[in-house]
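Undergrad: First the structure, then my questions, so here it is.
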């Protein structure tokens, strides 16, 4: 800014243009929160020289502040990436990827157990723009390979799958995409950058996904009170392509939300392990209950894709493996929807609500009839109940589940 040698006389002007600058050198455990739409330049030459793509400087609040740059760098480290973009939700991150990489006449593939809003985006929005899609069996790599065609531009992967928790052979899926030169994007919200390394699946740097999308709403936030998403990659050209779309769509996040995630990140590994430990204990216990036909949890031997989970995630947490705090329960076919709903309604410590990764345990019953194309035929006609385990004491949660089972199903 130009300097006026004559101090303004009016107090209103003096308050806006006060010349005090706080001394530097302040340091604290949490980074400062920088809020801005307008970013000031020292002179016109600096304004003209600075590029919004260059993270070495600042141009406008929407394009980044020290606060957002700090979170992006930490998330890139978490997932083993080099570049990161923030979005106002996980779904906004997914949408940004789709709008950046897909054009009229292209095709996108999704696993049959894909995150529901991603499938809805493809069916209800992208289809209107001439973008087609196919769904593949997440546990059959040959099915994926057979669907990769000349128009396929993007493949979405999930590990584990939404609601029914199948764990795919992620390594083989990525290899199949590589063979055809098709980009693959992973919804890594479940793995959270802790269960496995999405950009280094073999541990030698030779194989990884092209993109990882993460709903920071879940474990990175940890409080159930922030909506945010991220897109990470190791490919600079791909990052710049995404960043261009990100800028043109006006995608941005609030500084206070970024602050909340930055505050929670240091405890995420501890919380993730706590969620995982309690979830596994309850999953094993529920599998032995008379009313339960099956528990869908990647770490349980009879859960679909368990061997793939063990191969990819089994070395984490000192050899115990990592598996988040999420699993689903399939009740015996003789129990109808009313009984299953009664079980959910009876729970006292489980809130009925979507999302996961926060301190409170949650429960949601799902009817798969409108969600799956066929890869879950063994669950046809059954209501699947997803349990998201919070940070409550395991014995308190077990007692709550026990009383709800007895209320809804009796001694059966």
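Taken together, the values in this text are just the output of simple stated rules run on the coordinates, not laboratory data. Computed from a predicted model, the values in this text were never measured in an experiment. For neighbour counting, all protein chains shown are included, and Cβ atoms are generated from backbone atoms with ideal geometry for every residue, glycine included.
Undergrad: Quote the relative contact order of the chain in percent (integer), defining contacts as alpha-carbon pairs under 8 Å separated by 6+ residues.
TA: The normalised contact order for the chain reaches 15 percent.
Undergrad: Here's something else I'd like to know. Per residue of the chain, what 222 nm ellipticity follows from adding -39500 (n - 2.57) for every DSSP H run with n ≥ 4, rounded to the nearest 500?
TA: Mean residue ellipticity at 222 nm (helix-derived): -10500 deg cm²/dmol.
Undergrad: Pulled fully out, how much extra length does the chain show between residue 396 and residue 12, if you take 0.36 nm times their separation in residues and subtract their Cα-Cα distance?
TA: Full extension from residue 396 to residue 12 adds 132.3 nm.
Undergrad: Sticking with this one: If r is the Cβ-Cβ distance from residue 129 to residue 180 and R0 is 30 Å, what FRET efficiency results, to the nearest 0.05?
TA: That pair, residue 129 with residue 180, gives E of 0.85.
Undergrad: Return the percentage of antiparallel bridges among DSSP beta bridges fully within segment 44-266, rounded to the nearest 5 %.
TA: The antiparallel proportion sits near 35 percent.
Undergrad: With a Förster radius of 35 Å, plug the Cβ-Cβ distance of residue 55 and residue 302 into 1/(1 + (r/R0)^6) and report the FRET value to the nearest 0.05.
TA: 0.15
Undergrad: A follow-up question, please. Under a GNM of the chain (C-alpha, springs under 10 Å), which listed residue has the highest mean-square fluctuation: 187, 332, 210?
TA: For the chain, modelled as a Gaussian network with Cα springs under 10 Å, the answer is 332.
Undergrad: Which percentage, to the nearest 5, of the DSSP beta bridges contained in the chain is antiparallel?
TA: 55 percent
Undergrad: What shape does segment 13-131 have by the C-alpha gyration tensor, where a ≥ b ≥ c are the square roots of the eigenvalues, rounded means a/c under 1.5, and otherwise prolate means a/b greater than b/c and oblate the rest?
TA: Here segment 13-131 falls in the prolate category.
Undergrad: Given springs between every Cα pair under 10 Å in a Gaussian network model of the chain, which of 275, 306, 335 has the largest fluctuation?
TA: 335
Undergrad: Also, I was wondering about something else. Indicate, rounded to the nearest 5 percent, the antiparallel portion of the DSSP beta bridges found entirely in segment 267-412.
TA: 85 percent
Undergrad: Please report, for the Cα atoms of segment 190-254, the Rg to one decimal and the Dmax as a whole number; what are they, in angstrom?
TA: Rg then Dmax for segment 190-254, in Å: 13.7, 38.
Undergrad: With springs only between Cα atoms under 10 Å, which of 68, 13, 278 fluctuates most in a Gaussian network model of the chain?
TA: 13
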